[in-house]
1. Given R₀ = 45 Å, FRET efficiency for residue 35-residue 59 by Cβ-Cβ distance, to 0.05?
2. How much of residue 171 can a 1.4 Å solvent probe reach, expressed as accessible area in Å² and rounded to 10?
3. Tell me which GluC sites (Glu not before Pro) from region 2-80 have a DSSP coil assignment and no more than 13 other beta carbons within 10 Å of their own.
4. So how much slack lies between residue 144 and residue 127, counting 0.36 nm per residue of separation and subtracting their Cα-Cα distance, in nm?
5. Would you please give the FRET efficiency between residue 158 and residue 7, computed as 1/(1 + (r/R0)^6) with r the Cβ-Cβ distance and R0 = 30 Å, to the nearest 0.05?
Amino acid sequence: MRARIRAGDRTAFAELYDQHARAVYNHALRLTGNWSEAEEAMSETFLAAWRTRETVEPEGGSLKPWLLGIATHKAHNANRGLRRRLAFLARSPEPRPVEDFAEETAGRIDDARRLALVHRALGQLRRQDREVFALCVSAGLDYRQAAEALGIPVGTVRSRLSRARARLARLSSGQPGGGEPELPGPRGEMESEAALAALVLQEETP
């Protein structure tokens, strides 16, 4: 597969997309907390992968770490762009509310609220720690693969993951330094950040 990708084999690249598109999208979604941004990051990831295919090492295992490394960079850029757009919108007049009475609205709101809570919980971590946590715990990479994805030593992956888990453990237990208390939300609010952190910590780490 690596040789075929390096040679520009479009069939091999289509196979690569079919194998890893969902993993790339899910990884981008965890890091951005936004469906449209995740879709854009996924598209940009595979576009960048095609353009830089000649940089793939001829020997090695799965190309998933390579793709997730690119996706991590694209998600970071998407977050920066989103912050700029939100800052612009904050300075703009607020649009008039438009009511939506579709039956699926409640489900979409719940999904969006849960995604926002996940993103907020992981947002308590440093960016580098959050990226390692997303790769190792959520995307299922081992230490070596995460190191390959991010271009850092394996020892750095271990230390960042340990720090991330400790931070989330403090969030879940409500210990000092675990983050700011959550403000009361609307009736029917989903899990708190602390409860969500506890849920995330139940994932098995390689």
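1. With R0 = 45 Å, the Cβ-Cβ based efficiency is 0.80.
2. Near enough 10 Å² of accessible area.
3. In loop regions of region 2-80 (DSSP not H, G, I, E or B), the sparsely surrounded GluC sites (Glu not before Pro) are 59.
4. Difference between extended and current length: 4.2 nm.
5. 0.25
The values are calculated or read from the model by the stated rules, or taken from the named source; none is laboratory data. From a predicted model like this one, the values you see are computed outputs, not experimental measurements. Methodologically, a virtual Cβ is constructed for each residue, glycine included, from the backbone with ideal geometry; neighbour enumeration extends over all protein chains shown. Heads up: the accessible areas ignore ligands, DNA and RNA and are worked out on the full protein's heavy atoms, side chains in. Shrake-Rupley method; radii C 1.70, N 1.55, O 1.52, S 1.80 Å.
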